[in-house]
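One structure is given here, and the rest of the page talks about it.
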Amino acid sequence: MSATAGSRARRDGPLLAVAVAGISLSGPLIAATAAPALAIAFWRNALGVAALAPAAALRPRLRAEAASVRGRALLLSLASGAALAAHFALWLPSLSLTSVASSVALVTTTPLWTAVLLRLTGRRPPAAVWAGSLLAFAGVLALTGVDLAASPRALAGDALALAGGITSAVYVLLGAEVRRTTSTTAYTLWCYGTAAALLLAACLAAGVSLGLGGGAGGYPAETWLRLLALTAASQLLGHSLLNRVVRGLGPSVTSTALLLETPGAALVAAAWLGQAPPAAAWPALALILLGLALVVRAERAPGAPPSAPPGAADAPLPRPRRPGRPRRPERPERGETTR
């Protein structure tokens, strides 16, 4: 491993921890936000774009990176945004149809679907990746339990949550592929923008209130503050940092780390909402961490395929050449542009 790659790997671990902490705030914040699920999904993506766009517009380098996303990278970014929109649109409504335990247990099958999709696309995850993913998922089940009800309404909610886990795996895999050659800011702008546009269309088609009208149709100030907090914590610190580290850590490690959201949300709810965490929270956390350690070790083992070519997404964009001028030697690679 090169010095640059080693330095990046040392940064990715703490950034992943911050991302998981931000995503762990998602459940308690959504539960405390008095707005429809689809509207919450739309606003967290739309406000995320609104926060990133000025920084990209004011910095020529970031503006050039966002404008340079074309061809395959652009198509994959749009597809990733569609997968993210589908994840939110499927999972959030499932919480009102089935039990929270069933919904969480089924949506957190993401690392298992990630391994399956990797196998279908020609990559063979090591056996330790499968073992670690299953062990971490067992930790989630130890915390949530299995409560698959037999009513048609509950089964519909279970199906939505399971589909939410599959689309989350697609989102992680597509993001890892795009991040091979595209910076975090450029990718997230296209991804979040696509998700926001699709979720807006879904809200309008379903007649969901977006809280912009006056009187009974508008959201109270407290709801808007919670939407801003959700965007800052779960979207910008959560999903954006996941998009930052997936290039170096790989989709298996990143998707398995997402399972830490379940015990993390339980601990946040205990500290913020006064809900005592279940007795299984700490053993579940230990199982998830052990499973994650197995996946990380397998992905970092000698002979494991690299997550991305060194420096592919972090290298600066080449400056256009002027006719008749000889090419100058390229500058050394710079670090990530989204600081």
Original post:
Over the Cα atoms of segment 192-248, Rg to Rh with Kirkwood Rh, two decimal places?
Top reply: 1.09
Original post:
In nanometres, what is the gap between the two model label sites at ALA206 and GLU222, each 7 Å from Cα along Cα-to-Cβ?
Top reply: 2.4
Original post:
Going highest first, how would you order 176-184, 288-296 by mean Cβ packing within 10 Å?
Top reply: 176-184, 288-296
Original post:
Contour minus end-to-end for ALA270 and ALA17, with contour as 0.36 nm per residue of separation and end-to-end as the Cα-Cα distance?
Top reply: 89.1 nm
Original post:
Applying the Karplus parametrisation 6.51 cos²θ - 1.76 cosθ + 1.60 with θ = phi - 60° to the phi angles of segment 20-31, what ³J(HN,Hα) value in whole Hz is obtained for each residue in order, glycine and proline being reported as x?
Top reply: 5, 4, x, 5, 5, 6, 4, x, x, 5, 5, 5
Original post:
Once phi is turned into ³J(HN,Hα) by the Karplus curve 6.51 cos²θ - 1.76 cosθ + 1.60 with θ = phi - 60°, what whole-Hz value does each residue of segment 249-256 show in order, with x for glycine and proline?
Top reply: 7, x, x, 5, 5, 5, 5, 5
Original post:
Listing TYR192, TYR219 from the residue with the fewest other Cβ atoms within 10 Å to the one with the most, what is the order?
Top reply: TYR219, TYR192
Subject >> Neighbour-count ranking [beta-carbon atoms within 10 angstrom, fewest first] of CYS191, CYS203 >> reply: CYS203, CYS191
Subject >> Calculated from backbone phi, Karplus (6.51, -1.76, 1.60) coupling profile of segment 75-85 in Hz, x at Gly/Pro >> reply: 4, 5, 5, 5, 5, 5, x, 5, 5, 5, 4
Subject >> Rounded Å value of the spacing that divides the Cα centres of segment 84-107 and segment 169-197 >> reply: 22
**OP:** Describe numerically, in nm with one decimal, the distance between label points set 7 Å from Cα along Cα→Cβ at ARG61 and at ALA286.
**Re:** 4.6
Subject >> Extended-chain gain in nm, criterion 0.36 nm per residue less alpha-carbon gap, ARG70 and ARG10 >> reply: 18.5 nm
**OP:** Using a Förster distance of 25 angstrom, determine the FRET efficiency expected from the C-beta separation of ALA159 and ALA34, and round it to 0.05.
**Re:** 0.40
**OP:** Kindly identify segment 54-212 as rounded, prolate or oblate by the Cα gyration tensor criterion: order the square roots of the eigenvalues as a ≥ b ≥ c, call it rounded if a/c is under 1.5, otherwise compare a/b with b/c, prolate if a/b is larger, else oblate.
**Re:** oblate
Original post:
How would you rank LEU249, LEU15, going from fewest to most other Cβ atoms within 10 Å of each one's own Cβ?
Top reply: LEU15, LEU249
Original post:
At q = 0.16 Å⁻¹, what base-10 log of I(q)/I(0) does the Debye formula yield for segment 1-128 when every alpha carbon is treated as an equal point scatterer in vacuo?
Top reply: -1.27
Original post:
P(r) for segment 146-239: what percent of alpha-carbon pairs falls in each 10 Å bin, starting at zero?
Top reply: 12, 29, 35, 22, 3
Original post:
Separation between the ALA138 and THR121 pseudo-spin-labels, each 7 Å from Cα along Cα→Cβ, expressed in nm?
Top reply: 2.8
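Laboratory data are not the source of any read-out in this text; all were calculated from the coordinates shown. Just so it is clear, the structure is predicted and the values come from calculations on it, not from any experiment. Because the Cβ atoms are built from the backbone with ideal geometry, glycine has one as well, and the counts that use them run over all protein chains shown.
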